[in-house]
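The values are calculated or read from the model by the stated rules, or taken from the named source; none is laboratory data. Quick caveat, the model's predicted, so the values are computed rather than measured. Don't worry about glycine lacking a Cβ; one is built from the backbone with ideal geometry, like all the others, and counts go over all protein chains shown. Ligands, DNA and RNA are stripped out before the accessible areas are found, and what is left, the full protein with its side chains, is counted by its heavy atoms. Shrake-Rupley method; radii C 1.70, N 1.55, O 1.52, S 1.80 Å.
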Amino acid sequence: MKRFTLSFIVLVVAIGIPLLFIHSSEKDVTNDERVTLVELNNALAFAIRTAENNYYKPVDKHAMYEGAIKGALAAIGDPYTFLLSERDHQRSVENLYNAEFGGLGVSIYTDHRGFVKISKPMPGTPAETAQLQAGDYITKVNGKQIYLGERTGMTIHDVVDLLRGAVDTDVTLTVQRKFLQPFEIKLTRAKISVPSVTSTMLEDKIGYIRITKFIGTDRAGGTEEEFNKALAAHKDAEMQALILDLRSNQGGLLDAAYHIADAFINSGVIVSTRGRNSEFNEAYPAHSNILCPPEIPIVVLVDEYSASASEIVAGAIKDTGRGILVGTKTYGKGVVQKRYPLTGIGAISLTISSYYTPNGTSIDKSGITPQVPVAEVEPNRIEQVMQRLVSERNAVENFVTNWIEEEIKRTGEIPKDFALLETGLPQFKQTLASEGLRVSLRWLTLRAEQLFNLNVGIERVVNLKYDTQLQEAIRIIKADEVGSTIQLYHTLDQTLKFLGEELQNLAHGHGQIN
């Protein structure tokens with residue numbers, strides 16, 4: 001087996017890519033056998049030429065041909081087969097395949113007014129060296145004004161394009177910091193790694209690792225390297241159990257997911273793929289040199305946004321009995337895509353195969369059901385409407401940013417303790433209620449803390465107070481129920497399999513009598 005045959009396969013929950021040019025052949029026909037593909041090619045060229053010559057406004061011929069490509073791919077009827085723009089393809093190469101890019105190492109976001117703010121400079125990057133801070137506004141890049149919205153037509157992606165570039169090239173930022181005059185600073189771009197793993201040690205030596213995406217075709221970088229470092233640190237800290245969080249992980253590269261699952265499973269096939277083209281038929285075996293000892297119980301957190309590559313890992317762990325799944329049923333994307341670059345246009349994302357979990361199951365459109373279902377708290381319809389109205393008014397954003405500004409004025413420092421702000425939330429809740437906006441204190445606290453952390457540069461790995469799925473995972477581990485849950489569901493599966501075979505035998509016997 002070629003272990004890296006599909007290293008450029010992408011498993012993403014997005015609408016997306018390929019491009020199949022129509023081959024000129026008199027023998028090839030459409031469903032209507034009277035129209036050959038040659039005639040269709042000629043008809044397309046005629047339609048574009050006619051529009052170019054006679055439409056009442058100037059026509060972009062290149063855009064029409066690209067539209068024809070998009071339409072051809074859409075006609076396949078597969079949501080994962082589509083055309084990527086050149087910029088989107090370039091971002092995929094940087095963020096997904098290479099897991100690195102030339103840049104400054106600064107996370108940015110848009111505030112509710114359309115201005116771009118820094119949330120947190122990454123350690124060891126040009127942004128940190130230049131002492132950029134959370135809450136700083138980037139008002140210009142190389143003299144170009146930065147403001148997002150319909151008036152300028154500028155998007156956050158345009159800002160990313162300005163900030164990224166070749167390593168060792170310079171970029172000049174104009175920065176606005178609270179209570180200071182705008183200042184310019186020149187930074188030299190460096191190689192920036194794309195993070196995909198966060199981890200921490202919970203109570204009772206329970207390790208916690210969250211994977212947000214599966215990236216990196218080089219085993220010495222990307223998700224696999226980050227994961228291995230986090231796992232090694234937990235083992236050094238005498239980890240007794242592990243929680244692997246794959247919630248909201250929409251996928252990534254098949255190889256990256258395979259190597260993560262291979263860290264836990266020491267025999268059998270982790271995942272297999274089958275396509276119409278035999279080139280894409282592949283079996284990915286487990287290896288005996290696992291990184292996580294078998295005596296370490298595993299709990300995997302999943303939800304409805306866990307898709308594709310994350311379902312490969314979750315499905316392998318569940319099918320092999322290596323651990324249990326807690327949360328809600330996964331998305332159900334059991335197909336594999338490959339990117340085909342198109343020079344000057346972008347790339348095609350083409351579905352090339354289906355994938356199957358170790359027991360031979362395709363989870364496409366069905367998802368994976370966890371052994372322990374735990375749903376997060378969902379607001380009722382009235383609460384949802386109220387939350388939307390509060391968000392549309394940017395009420396929480398204004399409250400949080402105003403509080404931070406006042407605290408900076410009072411102390412001269414960026415506040416880092418959310419508990420100080422939290423004491424004012426009950427009164428803020430009453431103020432909203434007086435204006436007809438009644439939301440729960442729970443939602444208000446979660447939203448305020450999220451915005452607070454974003455504005456002051458805090459990255460919180462877990463929130464045990466409100467995370468009911470994580471709470472249940474910890475409870476199961478503390479109660480030593482992982483093994484018994486695996487055994488219970490194994491017995492149930494065997495019973496169901498036996499009953500199914502018996503029913504088939506009865507049906508077969510009944511058929512013989514008649």
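Quick one: in the range 178-188, which of the residues that are open to solvent by 20 Å² or more (accessible area, probe 1.4 Å) and touching a residue at least 60 places away in the same chain (Cβ under 8 Å) is farthest from Ala256 (Cα to Cα)?
Looking at the filtered set, the residue picked out is Phe179.
Among the numbered criteria (1) under 30 Å from Leu342 (Cβ atoms); (2) part of a loop (DSSP other than H, G, I, E, B); (3) in contact with a Ser or Thr (Cβ under 6 Å, 6 or more places away or on another chain), which single criterion is violated by Tyr97?
Answer for Tyr97: the failing condition is (2).
When residues of the range 222-258 are filtered for being of a type in the set (Val, Ile, Thr) and over 15 Å from Leu301 (Cβ atoms), how many remain? Don't jump to the end; show me each part of the working.
Within the range 222-258, the subset of a type in the set (Val, Ile, Thr) is 223, 243.
This time we only want the ones that are over 15 Å from Leu301 (Cβ atoms), so: 223.
Qualifying residue count for the region: 1.
Scan the range 416-472 residue by residue and report those that are part of a loop (DSSP other than H, G, I, E, B), under 17 Å from Val385 (Cα atoms) and without any contact (Cβ under 8 Å) to a residue 24 or more places away in the chain.
Residues satisfying the conditions are Glu435, Gly436.
Evaluate the following for Leu163: is it within 25 Å of the chain's Cα centre (by Cα), open to solvent by less than 50 Å² (accessible area, probe 1.4 Å) and either under 30 Å from Gly412 (Cβ atoms) or hydroxyl-bearing (Ser, Thr, Tyr) (or both)?
When the stated conditions are applied, Leu163 passes them.
Considering only residues that are in a helix (DSSP H, G or I) and farther than 29 Å from Ser349 by Cβ, which ones fall in the range 53-75?
Within the range 53-75, Asn53, Asn54 qualify.
Yes/no matrix, rows are residues, columns are (1) under 22 Å from the mean Cα position of the chain (by Cα); (2) open to solvent by less than 60 Å² (accessible area, probe 1.4 Å); (3) at pLDDT below 95:
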position: Ile22; (1), (2), (3): no, no, yes
position: Lys27; (1), (2), (3): no, no, yes
position: Val35; (1), (2), (3): no, yes, yes
position: Ala74; (1), (2), (3): no, no, no
position: Phe82; (1), (2), (3): yes, yes, no
position: His89; (1), (2), (3): yes, yes, no
position: Phe101; (1), (2), (3): yes, yes, no
position: Ser119; (1), (2), (3): yes, yes, yes
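When the range 322-334 is examined, which residues are found to be open to solvent by less than 30 Å² (accessible area, probe 1.4 Å) and out of contact with any Phe, Trp or Tyr (no Cβ under 6 Å at 6 or more places or on another chain)?
Across the range 322-334, the qualifying residues are Gly323, Ile324, Leu325, Val326, Gly327, Thr330, Gly332, Lys333.
Just one of (1) under 19 Å from Gln240 (Cβ atoms); (2) crowded, with 17+ Cβ neighbours inside 10 Å trips up Val197, so point out which.
(1)
Could you please tell me which pairs satisfy a Cβ distance under 7 Å, a separation of 6+ or placement on different chains, a first residue in the range 358-377 that is on the phi > 0 side of the Ramachandran plot, and a second residue that is at pLDDT 95 or above and in a loop (DSSP other than H, G, I, E, B)?
That search, which allows pairs on different chains as well, returns Lys365/Gly332; Gly367/Lys329; Gly367/Thr330; Gly367/Tyr331; Gly367/Gly332.
Identify the single condition in (1) open to solvent by less than 10 Å² (accessible area, probe 1.4 Å); (2) closer than 15 Å to Asp161 by Cα that Ser107 does not satisfy, given that it satisfies every other one.
Exception for Ser107: condition (1).
Give the residues of the range 404-415 that are surrounded by 12 or more Cβ atoms within 10 Å (Cβ to Cβ) and in a helix (DSSP H, G or I), sorted by residue number.
Within the range 404-415, Ile404, Glu405, Glu407, Ile408 qualify.
I'd like the residue in the range 121-160 that is in contact (Cβ under 8 Å) with a residue 60 or more places away in the chain and farther than 20 Å from Gln90 by Cβ and, out of all such residues, is most open to solvent (accessible area, probe 1.4 Å).
Gln133
Can you tell me how many residues within the range 416-431 are open to solvent by 90 Å² or more (accessible area, probe 1.4 Å) and more than 34 Å from the chain's Cα centre (by Cα)?
2
Which one of the conditions (1) open to solvent by 50 Å² or more (accessible area, probe 1.4 Å); (2) at pLDDT 95 or above does Val171 fail to meet, given that it meets all the rest?
(1)
Out of all the residues in the range 37-55, which are over 40 Å from the mean Cα position of the chain (by Cα) and under 16 Å from Ala72 (Cα atoms)?
Across the range 37-55, the qualifying residues are Val38, Glu39, Asn42, Ala43.
Can you tell me how many residues within the range 441-467 are open to solvent by less than 40 Å² (accessible area, probe 1.4 Å), more than 14 Å from Tyr208 (Cα to Cα) and either within 21 Å of the chain's Cα centre (by Cα) or among the small types (Gly, Ala, Ser) (or both)?
Qualifying residue count, the range 441-467: 4.
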